[in-house]
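Worksheet: one structure, shown below.
Please treat every number below as a calculation from the coordinates, not as lab data. Quick caveat: nothing in here was measured; it's all calculated off a predicted structure. When we count neighbours, we look across all protein chains shown, and the Cβ atoms used for this are built from the backbone with ideal geometry, even at glycine.
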Amino acid sequence: MRVIACAALAVAGVSGAPSPYLSPGSVVADRAGKRLYVACETAGAILVFDTDDEKVVARYALEQVRRIALSPDGKRLFATAGEVKGLLHEINPATGARVRSLPAGHTPEALVVSPDGKTLYYCNRFARDDQKDIHALDLASGRVTHSAKAVREPAALCLSKDGKTLWVGNHLPIMPANSQHVFAVLNVFDSATLAPVATLDLPAGAFAVRDAVMSPDGRYCYVTHSIGRFTVPTTHLDRGWINTSAVSVFDVASRTYVNAVLLDDTVRGAANPWGVAVSADGRWLCVNVSGTHELVVVDVVEMMKRLAAAEHPQEVVNDLGFLYGAKTRVALEGQGPRALAVCGERVFSAMYFGDSLNMVELWDDGPGAAVELPLADTRPQLELARQGRWRFMMRRSAISTG
């Protein structure tokens, strides 16, 4: 009982006061790229950030907010919130007024709106084994019309460009870690009925799927994840011997795995790949690396050229030098970048432990340096529980060096 009481005090604070931290973990931009909506989980708020003036212009209270998404016309903002008794909220993005709140099951997380703005898809990451965890919500009636079952802990959703298929990234493998083959998978569903269309394997050892995004032309789906070398003895940690960080590429039309490229360098890891986005022209693939507090920007044209020309494509997933000269690692200010949004030629990264955004400009020859944009006037000192969570993530970074 003493341990439980201490844990409760560490999370809520001795006085039960709201957390002094923001913890920005999800970010979405309006179509013009003028406003960012930033979900701050521990602050219980969505911040509205003006990208021209580079400051917060509004704050909408929303307890335990997790993920957010905008309707295609930008007139409705949707947010998942809560844990055991999760909720789905519809919010007026202009005023912050809550239009309606609907029950959404256990730990509702990723969400995406259909191109026609009529359907919202969301997942329950920690649903029971006997419960369906992928849902299609008719926005006119507010009712779930179809549901499906993913493989294990659905954590990432994206729709094909034509809106006909829903791609779901499962956070963890379903098989035991001592199996001969261990890997997470993607589920592909028919978006109209959520009938299963395909189950696509990520490379051997793939786990910790965090995010997925479609290329602007709709040809490829990019998925961020880690790769564990479960079959090798733990004789050393460097040179990607135990863990590496990757982006897997899938062909959308054929629903096939193309390959996976590593974000690590030979003697420098890139632990905990998180949010992923692509520039509007399809040229730059941008990945937040949470463990090493970086933004990795990959030249997509060069990457695909190398993948097409690879003499031994099955070895690309093990090649720490494959992206040399085709990727740039940008050091970010603050700690723990997670979600990101691309607005024209600028990338905005949400720093979970830094309570800030970082802005990086994309030039013709690659990314510039990061500029930190605070989300609050002051930054509180890290209390013990917060330090523990931050150090845990850093420990994962140390273990996952390349």
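Quick notes
- Part-to-part distance (alpha-carbon centres) for the range 70-149 and the range 316-340, which is given in Å: 31
- Whole-number D in µm² s⁻¹ for the range 233-319, Kirkwood Cα-pair radius fed into Stokes-Einstein, 20 °C, 1.002 mPa s: 152
- Near-label residues of the range 94-126 by backbone N, under 18 Å of a point 7 Å along Cα→Cβ of ALA58: 94-101
- Shown here: volume of the Cα convex hull per residue in Å³, derived from the displayed model; of the candidates (i) 132; (ii) 150; (iii) 195, it corresponds to (ii).
- Gain upon complete extension [HIS312, THR145; 0.36 nm per residue less C-alpha separation]: 55.6 nm
- Within the range 137-163: backbone nitrogen closer than 17 Å to the LEU102 label point (7 Å, Cα to C-beta): 137-148
- Each peptide in 340-353, 361-374 gets a packing score, the mean of other Cβ atoms within 10 Å over its residues, and the list from highest to lowest is 340-353, 361-374.
- Global form of the range 201-402, assessed from the alpha-carbon gyration tensor, a/c cut-off 1.5: oblate
- Sorted peptide list for 172-183, 377-388, criterion being average Cβ within 10 angstrom, highest first: 172-183, 377-388
- Under the criterion of Cα pairs below 8 Å and six or more residues apart, the relative contact order for the chain equals 11 percent.
- Computed log₁₀ I(q)/I(0) - Debye formula, equal Cα scatterers, no solvent, the range 78-164, q 0.25, 0.26 Å⁻¹: -1.36, -1.42
- Stretched out straight at 0.36 nm per residue, the stretch from TRP363 to ASP138 would grow longer than its current Cα-Cα span by 76.9 nm.
- Highest GNM mean-square fluctuation among ASP319, ASP264, ASP73, for the chain modelled with Cα contacts below 10 Å: ASP73.
- Residues in the range 103-117 carry Karplus couplings, in order, of x, 9, x, 6, 6, x, 10, 4, 8, 8, 9, 5, x, 8, x Hz; the curve used is 6.51 cos²θ - 1.76 cosθ + 1.60 with θ = phi - 60°, and Gly or Pro positions show x.
- Using a Förster distance of 51 Å, the FRET efficiency for ALA253-GLN381 (Cβ separation, nearest 0.05): 0.50
- Sequence-ordered 3J(HN,Hα) estimates for the range 330-340 from the Karplus curve with 6.51, -1.76 and 1.60 and θ = phi - 60° stand at 9, 5, 9, 8, x, 10, x, x, 10, 6, 8 Hz, glycine and proline given as x.
- Tail weight of P(r) past 26 Å, computed on alpha-carbon pairs of the range 24-149, percent: 17
- The range 186-268, Cα convex hull volume normalised per residue, Å³: 105
- Interchain or long-range residues, amide H under 5 Å from PHE183's placed H: ILE174, MET175, GLY205
- Approximating the spin labels as points 7 Å out from Cα along Cα→Cβ, the GLN180-to-ASP319 distance works out to 2.8 nm.
- For the range 51-59, putting each phi into the Karplus relation 6.51 cos²θ - 1.76 cosθ + 1.60 with θ = phi - 60° gives couplings of 6, 7, 7, 6, 7, 6, 10, 7, 9 Hz, in residue order, rounded to whole numbers and with x for Gly and Pro.
- Exceedance of the 32 Å cut-off in Cα-Cα distance is limited, within the set LYS34/LYS85; LYS75/LYS327; LYS34/LYS327, to LYS34/LYS85; LYS75/LYS327.
- Close amide-amide hydrogen proximity is noted between ASN272 and GLY291, each under 5 Å apart and 5 or more residues distant or on a separate chain (H modeled in the peptide plane; Pro and chain starts excluded).
- When the Gaussian network model of the chain links Cα atoms closer than 10 Å, the mean-square fluctuations of ALA61, ALA206, ALA310 top out at ALA310.
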